[in-house]
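Worksheet for the structure shown next.
The values are calculated or read from the model by the stated rules, or taken from the named source; none is laboratory data. All figures in this text were calculated on a predicted structure; none of them were measured in a lab. Neighbour counts are summed over all protein chains in view; Cβ atoms, including those assigned to glycine, are modelled from backbone coordinates with ideal geometry. Accessible surface areas use protein heavy atoms only, side chains included; no ligands, DNA or RNA. Shrake-Rupley method; radii C 1.70, N 1.55, O 1.52, S 1.80 Å.
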Amino acid sequence: MYSQYIERNSFPFTGQAGAKFFAALAVFLAVSCGFADLRSVPYTTVPERAYGMLYGSYAPVIVRFGTGMIRDEAEKLISVSFRDGQVSGDLSWDGNAMFFTPGVPWSAGLQYTLSLNGNAFAKDGRELRVSSHIPFYVEKAGALPFLKSFSPGDGASVGVSPGEGALLVLEFSESMDRRSVEYVFEWDCPGNKDFLWRDDDHSFELRPKGKLNPWTAYHWSIGTGAKSRDGIPLADNYEGNFITDRDTLFPKVERCFPLAPSGQAWVETGGSVESGLGPDGAIGVSFTKDMDKESVLRSLRFEPGLTGRTELLDGKTIVFIPEQEWARETIYTLTVSRDTQDLSGLKLGEDYKVFFTPDLPYLDLRFIAIDPYAPFTGAELANGNCLRITLSDPLVLRLTLGFSLELSAAAVTAAFSRISLTPFFPPSLPAVALRSVSMESDDAMSLEWEGLLSGGSGTGHYYRLFIPGGKGGVHDGGNAFFREDHYLYIEVLP
């Protein structure tokens, strides 16, 4: 009867729509005729059983049905999951076999689960009702690698340098694949990082190339993208924190002090920098803690400006060596910058200042000796004084000048060309000539003039001795010179 109806009426359904219609019609006919097909729909899977194994990074999961299925319903049955959620992938068919191919490669050693849940119809009208869960592995089965230990511990207080514990050590249960670990490991420390692997790649130390900042919280993490040497992913995500607050003592400037050269070294003079800095002196600055070399070597500045170099004497002490002469009678300000850091990165916090005036002696005249007289000294050498003498040889005056400092050879050469003896009174006196110059010692110079005339009729003849001062005058060969010009009168008696 039904077949005659179908034959007499055109039927437009084709494809899946037609298959669904005929499957429903078959069920209707079977029930209408007094019987139903209750046979189960057989199926098999790959993997076949719980804890089975797939081989290959993209090996498909397969469900083979014993008859043709209505595909869109059958596709709703399948899902594949793992510890982090659902596995995405593509479904395809080959005859009665449905294939699930993962979108990303399977991870070796990780447990997956194939789940078939729900109901679907075969093309012949039979219904498949299923609830099945099949755990499986890819390539190999076994325990996942995990992080056994790490240091410093979570929330630990550390210093900022490796010697004070500021390095990270991670230890794993398996030999790890270095590349995958280093790729996924994250640590918010400054600069690049060096991984030092050890114990057959079971652990590594991490040393930052840059200095850690003091009193700072640092965070690290490593995820499941890290794999063992066998390609098995890490069992979980791990993270930790530590704080660089172990060092709580701020550095301070302990003292500033003058130094003097001694061979190739610098030695303390025992005086104070405020008033005891000599002409060839340098300045030492010592701190209460070992300091960061790069920071401390650029910590000093001077007002007025001064060129020079700063050297490290030891971990706590630096020396500033000027490359130009200290200025005479000048008040300098030495400032140690507030940003100067110790080895932990802690800063002074405020500028340290010291005021000083270099102790630069002037060259002075200690005596004038004229044979056969006792040396003239002290107040006798005051500017404008007159020294009264009688010459045994009235044409020659030989005198020795004693200085307060030693003169270099170059200074002696410059001095005799600047010291002069000229006729003063009466105006008719003839000029005198410098006949010889010699050094009696390092600080005494003899000069001999000829052409002098003795006085007559109870009246002396006056000559003016002039020793120029200032930077352009007589000097010691360094930076010591006469504060002012010296001039004395010599009366040659009859």
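Applying a threshold of 8 Å to beta carbon distances and a minimum spacing of six or more residues, or different chains, the list of pairs starting in region 319-338 at a residue that is under 25 Å from Glu350 (Cα atoms) and ending at one that is surrounded by fewer than 17 Cβ atoms within 10 Å (Cβ to Cβ) and of a type in the set (A, V, I, L, M) reads Val319/Leu313. Being without any contact (Cβ under 8 Å) to a residue 12 or more places away in the chain and either among the aliphatic types (A, V, I, L, M) or buried (at least 16 other Cβ atoms within 10 Å of the Cβ) (or both) is not true of Ala217.
For region 224-240, give me each residue that is surrounded by 15 or more Cβ atoms within 10 Å (Cβ to Cβ) and not hydroxyl-bearing (Ser, Thr, Tyr). Hits for region 224-240 are Ala226, Lys227, Arg229, Asp230, Gly231, Ile232, Pro233, Leu234, Ala235, Gly240.
Conditions tested, residue by residue: (1) open to solvent by 30 Å² or more (accessible area, probe 1.4 Å); (2) touching a Gly at 6+ places or on another chain (Cβ under 9 Å); (3) within 20 Å of Gly349 (Cα to Cα).
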| position | (1), (2), (3) |
| --- | --- |
| Glu254 | yes, no, yes |
| Gly270 | yes, yes, no |
| Ser275 | yes, no, no |
| Asp280 | yes, yes, no |
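Checking each residue in region 413-442 for being surrounded by fewer than 18 Cβ atoms within 10 Å (Cβ to Cβ), assigned to a helix (DSSP H, G or I) and either touching a Lys or Arg at 6+ places or on another chain (Cβ under 8 Å) or of a type in the set (A, V, I, L, M) (or both) picks out only Ala414. For region 215-242, name all the residues that are under 22 Å from Gly159 (Cβ atoms) and not small (Gly, Ala, Ser). Correct list: Trp215, Thr216, Tyr218, His219, Trp220, Glu239, Asn241, Phe242.
Against the definition (at negative phi, open to solvent by 50 Å² or more (accessible area, probe 1.4 Å), within 56 Å of the chain's Cα centre (by Cα) and not β-branched (Val, Ile, Thr)), how does Ser107 come out, yes or no?
Here the answer is no, as Ser107 does not meet what is asked.
Here's the yes/no breakdown for (1) open to solvent by less than 10 Å² (accessible area, probe 1.4 Å); (2) β-branched (Val, Ile, Thr); (3) assigned to a loop (DSSP other than H, G, I, E, B):
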| position | (1), (2), (3) |
| --- | --- |
| Arg301 | no, no, no |
| Ile318 | yes, yes, no |
| Gln324 | no, no, yes |
| Glu329 | no, no, yes |
| Thr333 | no, yes, no |
| Glu380 | no, no, no |
| Asn383 | no, no, yes |
| Arg388 | no, no, no |
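Scanning region 443-475 for residues that are part of a loop (DSSP other than H, G, I, E, B) and of a type in the set (A, V, I, L, M, F, W, C), we see that the one that is most open to solvent (accessible area, probe 1.4 Å) is Leu453.
Kindly indicate whether Ala120 is assigned to a loop (DSSP other than H, G, I, E, B), touching a strand residue (DSSP E or B) at 6+ places or on another chain (Cβ under 7 Å) and either closer than 25 Å to Gly223 by Cα or touching a residue at least 40 places away in the same chain (Cβ under 8 Å) (or both). Against the criterion (assigned to a loop (DSSP other than H, G, I, E, B), touching a strand residue (DSSP E or B) at 6+ places or on another chain (Cβ under 7 Å) and either closer than 25 Å to Gly223 by Cα or touching a residue at least 40 places away in the same chain (Cβ under 8 Å) (or both)), Ala120 does not qualify. In region 311-344, the residue that is nearest to Ser272 (Cα to Cα) out of those that are of a type in the set (S, T, N, Q) and within 19 Å of the chain's Cα centre (by Cα) is Ser337. Scanning region 355-378 for residues that are surrounded by fewer than 12 Cβ atoms within 10 Å (Cβ to Cβ) and part of a loop (DSSP other than H, G, I, E, B) returns Asp371, Pro372, Ala374. The set of residues in region 90-104 that are open to solvent by less than 50 Å² (accessible area, probe 1.4 Å) and in a loop (DSSP other than H, G, I, E, B) comprises Gly95, Gly103. Summed over region 442-471, the residues that are touching a residue at least 60 places away in the same chain (Cβ under 8 Å), under 12 Å from Pro494 (Cα atoms) and in contact with a His (Cβ under 7 Å, 6 or more places away or on another chain) give a count of 1.
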